[in-house]
Amino acid sequence: MALRDTSLPEPSGPVPPTPGACGAAPPLDPTDRGRLLAGAHHDPHALLGSHPVPGGIAFRALRPFARGVSVVVDGERHALVSEEDGLFSGVLPLAEIPAYTLVVAYEEGEHETHDPYRFLPALGDLDLHLIAEGRHEQLWQALGAEPMTHAGVAGTRFTVWAPNAQGVRVATDFSHWDGTAFPMRSLGSSGVWELFLPGVGEGTRYKFEVHSRYGHRVLKADPMARAAEEPPNTASVVTASHYEWGDREWMRTRADTPVHEAPFSVYEVHLPSWRPGLTYRELADELPAYVRDLGFTHVELMPVAEHPYGPSWGYQVTGFYAPTARLGSPDDFRYLVDALHRAGIGVIMDWVPAHFPKDDWALARFDGDPLYEPGDSRRAEHPDWGTYTFDFARTEVRNFLVANAVYWCEEFHIDGLRVDAVASMLYLDYSRDSGQWEPNQYGGREDLAAMAFLQEMNATVYRRCPGVVTIAEESTAWGGVTRPTDTGGLGFGLKWNMGWMHDSLEYAAHEPVHRRYHHHEMTFSMVYAYSENYVLPISHDEVVHGKQALVSKMPGDWWQRRANVRAYLGFMWAHPGKQLLFMGQEFAQGAEWSEKQGPEWWLLDEGYHSAADHRGIQDLVRDLNTRYGRTPALWRRDTDPAGFRWVAVDAAEDNVFAFLRFDTDGTPLLAVSNFSPVVRHEYGLAVGDDVTAWQEVLNTDAEEYGGSGVTCPDPVKPEDGSIRITLPPLATVWLMPYAL
């Protein structure tokens, strides 16, 4: 089957007539011939192409199903002789190898093309050296499918790492997924296979046909593919970016303020279901405006890397370098990120280096042996998800993942990586019983290779991508997750505070009459609040699988449930740490999230009888974000214990919590939460005499939010260091100094 040019011109001009056949070429060694035809030869360029022989220059081509092949030299066409099995060869009486093309004749016609086997490798020695060292920080520029001009000819360079393979061939859509015609060469001891295919351009679908040392052949998607077919199709796609970014000012200034000293309020989004049916570009018309209106500083996108199974929400990745084709092209995804940046919104992306699925066309046993996964089956299998884990001890695998983190930040201008399931990487015994794991060299249960990988990833990303933040979803008490790597920490910028999330939701789920017995669940977080740099997450994980949506977790009737949510969000936004809220919770959706239908937007429709109730919660979230962004006391000293002071920490009988937050100049904000359904009149709080008068700046019980309207419009002056205020039922109140 002839090469089909999808975007690049072939040599122009008419195909010259055939003057006659070439002389006979020396036959191939039978062993070499057999290995070549079987796809198990390490150096097909030594057998195919053009080579000096006694009597001239021998030409040999492998074109299955061709009726004939001719070589064209200086405008003259010479027919090669069939050697059967798709091999054609001949000798011309020439002193040196000439410039030439091939004319391949099929039943449907003839096709002139450059010979892939006349080109030197299109991958340099420095690339191979860096790959071998595991230090190629832009690995995607060396491996995969790269459209390029090589030796003056336009085409695509295909490269893949498969060190255990006996042979690798390129199979494409235009070859009907038969790789026979395009065997790749092995580049020394690097484990890398390479082939430049002239005339092949963007849009070509391809896979690698891997011949294992056990004699098996399997078609594999490219691990480094930068684009893929839309599932359920699984081929890789040749692509190059032509996008022109418009976010220069955003990229120039995003590193000006350290993230832990800046406002950071995150809206978590599952792109395919936020507005089901919208593409990346259509989402760019709606998502930035919505997020900006609500005042969030960032969006966090659940995984966008290609994955075959939609209900995995993207957490079972097969294409680590390819944005999912479900919503458009890679440049379409760039367009969405650019639109968010131009709206002043940062983009965090969920990144999943903890595991990968076992699909036989993807990474699993890529070259016939465990390659990306450990060889020890006890370590290779992830017991929770039925997947494989990465072999973090292997140099090339670690490089694959570190470069992938850099790739998303550099190629797509991603501002943050939230690393999924960090705890599952850090512990050798994670979800494993005794006998299913082996201690490390020191007898401990820590995975030292995973630690080294995370440290390298964080250090590399922070060095190469100023302003990017890495965030750990780490659910244990592992020390130093956000400590710098040069002092022994893992090097993350932020860590999800799973303890706060669990404890606070447990407290909120209790009936108010019982909350006095669980008071510590709301105060305990301050015992360790400054041990790491924290994010307070109410994520997708907390509103699925029977856990109920946030408003449905709350006790009481419909009014009380909404009041509890409002009070909870007010407490959350004032608590030290950044905050994250999953889509749909910003307007008190009562149903659990479903990836098939997404948020229940109809709850906000004018015709819906409770629309005002849901819009009230949405309005509160907007005002929380607005006031938060304008109040440095709530974010500038998130990691400084001097930026916080309890005012009422032991008022368990009243279900009341009160604390002060301080800016660097000492300007305070007082947050008071009453988690009882009763009004508390003249409630005394010892705030000191530093502030002449306090003014209410936010009250979650305000009528516009759906509350009862118990507010304090007048300034409150301290007497003997205390103020007395009326606390509304199931509400949080924020107060700030009032200028008399």
(request) Give me the number: length gained by fully extending TYR738 to ALA46, i.e. 0.36 nm times residue separation minus the C-alpha to C-alpha distance, one decimal in nm. (result) 240.7 nm
(message) Could you tell me how far the Cα centroid of segment 503-537 sits from the Cα centroid of segment 433-448, in Å?
(response) 33
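What number, in nm² with one decimal, is the all-direction average of the projected area of the convex hull of the alpha-carbon atoms of segment 510-563? The partial results should precede the final answer.
Values: hull surface 19.9 nm².
Orientation-averaged projected area of the Cα hull: 5.0 nm².
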(request) Mark the label point 7 Å from the Cα of GLU704 along Cα→Cβ and return the residues of segment 523-566 whose backbone N is within less than 19 Å of it. (result) 563, 566
(request) Could you tell me the distance between the Cα centroids of segment 79-120 and segment 214-261, to the nearest Å? (result) 37
(request) Taking the chain as the reference, fit the longest principal axis to its C-alpha atoms, fit the long axis of helix 611-629 to the helix C-alpha atoms, and give the angle between the two in degrees, 0 to 90, nearest 10. (result) 90
(request) Would you please state which residues of segment 399-428 a label at LEU448 would reach in this model, taking the label point 7 Å out along Cα→Cβ and a backbone N cut-off of under 14 Å? (result) 428
(request) With θ set to phi - 60°, apply the Karplus curve 6.51 cos²θ - 1.76 cosθ + 1.60 along segment 200-212 and write out the HN-Hα couplings as whole Hz, x wherever there is a Gly or Pro. (result) 8, x, 4, x, 5, 8, 8, 9, 9, 8, 9, 9, 7
(request) Starting from segment 574-644, pick out the trypsin sites (Lys or Arg not before Pro) whose DSSP state is loop and whose Cβ has at most 16 other Cβ atoms within 10 Å. (result) LYS596, ARG630
(request) Mind pulling the angle between the C-alpha long axis of helix 498-509 and the longest principal axis of the chain? Nearest 10 degrees, somewhere in 0 to 90. (result) 50
(request) May I ask for the angle, rounded to the nearest 10°, between helix 558-574 and the longest principal axis of the chain, with both axes built from Cα atoms and the value confined to 0 to 90°? (result) 80
(message) Of the listed values (i) 27.7, 104; (ii) 26.0, 83; (iii) 31.5, 111, identify the label whose number matches Rg and Dmax of the Cα atoms in Å calculated from this model.
(response) (iii)
(request) Set the Förster distance to 41 Å, then compute FRET efficiency between THR395 and PHE524 from the Cβ-Cβ distance, nearest 0.05. (result) 0.45
(request) Report, largest value first, the span of the C-alpha coordinates of segment 84-195 along each principal axis, in whole Å. (result) 46, 36, 25
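Using a 10 Å cut-off on Cβ atoms, rank the peptides 310-317, 570-577 from the highest mean neighbour count down. Walk me through the numbers on the way to the answer.
Values: 310-317: 18.9, 570-577: 24.1.
Output ranking for 310-317, 570-577: 570-577, 310-317.
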(message) At 1.4 Å probe size, what's the solvent-accessible area of MET451? Round to the nearest 10 Å².
(response) 40
(message) I need the peptides 90-101, 437-448, 279-290 ranked by packing, meaning the mean over residues of other C-beta atoms within 10 angstrom, with the highest value on top.
(response) 279-290, 90-101, 437-448
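Can you tell me the accessible area per residue over the chain, all protein chains present, probe 1.4 angstrom, in square angstrom? Write out the running numbers ahead of the final one.
Working: 27810 Å² over 740 residues.
Ligands and nucleic acids excluded, the figure is 38 Å² per residue.
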(request) For a label point 7 Å from the Cα of ARG326 along Cα→C-beta, name the residues of segment 197-232 whose backbone N is under 15 Å from it. (result) 228-232
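On a 31 Å Cα-Cα criterion, which of the cross-link pairs LYS495/LYS553; LYS207/LYS547; LYS547/LYS578; LYS358/LYS547 come out too long?
Correct reply: LYS207/LYS547.
What is the extension gain from VAL81 to ARG292, computed as 0.36 nm multiplied by their sequence separation minus the C-alpha to C-alpha distance, in nm to one decimal?
Details: separation 211, 0.36 × 211 = 75.96 nm, distance 6.87 nm.
Computed gain between VAL81 and ARG292 is 69.1 nm.
Which of the peptides 602-609, 244-251 is most tightly packed, and how do the rest follow, judged by the mean count of other Cβ atoms within 10 Å per residue? Can you show the working numbers first?
On the way: 602-609: 11.1, 244-251: 13.9.
The packing order, highest mean first, is 244-251, 602-609.
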(message) Using a 1.4 Å probe on the protein heavy atoms, what percent of the accessible area of segment 405-451 belongs to carbon and sulfur?
(response) 41
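How much length is gained on full extension from SER312 to SER434, taking 0.36 nm per residue of separation minus their Cα-Cα distance? Intermediate values should be presented prior to the final figure.
Values: separation 122, 0.36 × 122 = 43.92 nm, distance 2.90 nm.
So the extension gain works out to 41.0 nm.
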(message) Below 8 Å, C-alpha to C-alpha, sequence gap of six or more: please give me the relative contact order for the chain in percent.
(response) 9
(message) Just to confirm my understanding: which cysteines in the chain have no other cysteine beta carbon less than 4.7 Å from their beta carbon?
(response) CYS22, CYS712
(request) Return the FRET efficiency for the residue pair TYR214, TRP361: r is the Cβ-Cβ distance, R0 is 22 Å, and the value is rounded to the nearest 0.05. (result) 0.80
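I'd like the FRET efficiency for ASN233 and VAL513, computed as 1/(1 + (r/R0)^6) with the beta carbon distance as r and R0 of 41 Å, rounded to 0.05. Display every interim value, and only then the final one.
Details: r = 57 Å, r/R0 = 1.39.
After rounding to 0.05, the efficiency reads 0.10.
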(message) What distance in nm separates the two pseudo spin-label positions at GLU719 and GLN138, each 7 Å out from Cα along the beta-carbon direction?
(response) 7.0
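The values are calculated or read from the model by the stated rules, or taken from the named source; none is laboratory data. Small disclaimer: the values here were computed from a predicted structure and weren't measured. Cβ sites come from the backbone with ideal geometry, for glycine too, and all protein chains shown count toward neighbours. Ligands, DNA and RNA are stripped out before the accessible areas are found, and what is left, the full protein with its side chains, is counted by its heavy atoms. Shrake-Rupley method; radii C 1.70, N 1.55, O 1.52, S 1.80 Å.
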